[in-house]
Amino acid sequence: MEPWRGALQLHFRRQADRTTVASRHDGPLRIQKALYPEGPGTCHAILLHPPGGIAGGDALEIAIRVDAGAHALVTTPGAARWYKADGRRASQSIRLVVDGVLEWLPQESIVFDAADVRSALEIELGPRAALLGWDIVALGRKAAGETFDHGEFRQEIRLAHDDALQWLERTAIRGNDPLLASPVGLMGHHVFGSVWAGGPEWTDALLEAVREACGAGPVATRLTPRLLVARALGSSTAAVRGSFERFWSVVRPLVLAGSSARTPRIWAT
């Protein structure tokens, strides 16, 4: 079977009181019709990958630009699935360039046993940009009795603000890696992820308010004056995503001047 090559470019602009989106695609990546459940100023966009999974040899590239004054919320209709490699590496490269407001809220990635994954997320924030986002990964399919015994998962997350690197995180886990059980690794959990919020200046008082409101959820760390990052481990994707949704609901009004979180309808289908 020939591998899939896919590319998608999205450009969100502010026109009068409305955020509009222009798209270009090549191969099996699409965007559903723009939705406006919060009014014309916020555009909800759903990324589609019709093949339903990423197989060995596939290579996907996604580029999103959000202009100043525009507000986009981008999500997916379901989990991304990284299939068994069959000797071929699969890759996904995502680049987010934000001068306005972007909420990057994809559903989880499920890495099948014997997958060989290279994943890269590059974020560039302008001086007045705001960003809310998360990334959730499940190694193996626990519900099907499958563990991650073979293959490799590699990921890099890079975030720059006003051309200065603020956060760089690299993950490299092989099948049956000791890190899966290690107390300095995943501690026996198969789901892990990060959630972040960039925009306002996170004072000590705001940071403590976020931690108190999140309760037993992920504990936020202030990496820079304008960037919070929290991490979580879990035994299910539902548990980790639930804690991240709580974090999102707490910080969104702080980042977006009182705008409460509205869960995308696609998550309930």
Looking across the stretch 16-32 at residues that are open to solvent by 40 Å² or more (accessible area, probe 1.4 Å) and closer than 16 Å to H71 by Cα, the single one that is farthest from the chain's Cα centre (by Cα) is A16
Which residue out of G145, G151 is of a type outside the set (S, T, Y) and open to solvent by less than 40 Å² (accessible area, probe 1.4 Å)? G151
In the stretch 79-104, what count of residues is obtained for those that are out of contact with any Asp or Glu (no Cβ under 9 Å at 6 or more places or on another chain) and under 16 Å from H44 (Cα atoms)? 3
Does L165 satisfy the criteria of being surrounded by fewer than 16 Cβ atoms within 10 Å (Cβ to Cβ), over 26 Å from I110 (Cα atoms), at pLDDT 95 or above and in contact with a strand residue (DSSP E or B) (Cβ under 9 Å, 6 or more places away or on another chain)? yes
Taking the criterion of being surrounded by fewer than 23 Cβ atoms within 10 Å (Cβ to Cβ), β-branched (V, I, T), free of Cβ contacts under 8 Å to residues at least 60 places away in the same chain and in a loop (DSSP other than H, G, I, E, B), would at least one residue in the stretch 94-109 satisfy it? no
Can you tell me which condition T42 does not meet? The list is (1) crowded, with 20+ Cβ neighbours inside 10 Å; (2) under 21 Å from I136 (Cβ atoms); (3) touching a Phe, Trp or Tyr at 6+ places or on another chain (Cβ under 9 Å), and all the others hold. (2)
Subset of the stretch 210-240 (residues that are of a type in the set (G, A, S) and either assigned to a loop (DSSP other than H, G, I, E, B) or open to solvent by less than 60 Å² (accessible area, probe 1.4 Å) (or both)): A213, G215, A216, G217, A220, A230, A232, G234, S235, S236, A239
The stretch 1-34, residues that are touching a residue at least 40 places away in the same chain (Cβ under 8 Å) and among the hydrophobic types (A, V, I, L, M, F, W, C): M1, W4, A7, L8, L10, F12, V21
In this structure, is S243 over 25 Å from A138 (Cβ atoms), open to solvent by less than 40 Å² (accessible area, probe 1.4 Å) and not acidic (D, E)? no
When residues of the stretch 170-209 are filtered for being open to solvent by 50 Å² or more (accessible area, probe 1.4 Å) and either touching a residue at least 60 places away in the same chain (Cβ under 8 Å) or part of a loop (DSSP other than H, G, I, E, B) (or both), how many remain? 9
Among the numbered criteria (1) open to solvent by less than 50 Å² (accessible area, probe 1.4 Å); (2) in contact with a strand residue (DSSP E or B) (Cβ under 6 Å, 6 or more places away or on another chain), which single criterion is violated by R13? (1)
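The values are calculated or read from the model by the stated rules, or taken from the named source; none is laboratory data. Remember, it's a predicted structure, so these values are computed and weren't measured experimentally. Virtual Cβ from ideal backbone geometry, glycine too; neighbours counted across all protein chains shown. All accessible areas refer to the heavy atoms of the entire protein, side chains included, with ligands and DNA or RNA removed. Shrake-Rupley method; radii C 1.70, N 1.55, O 1.52, S 1.80 Å.
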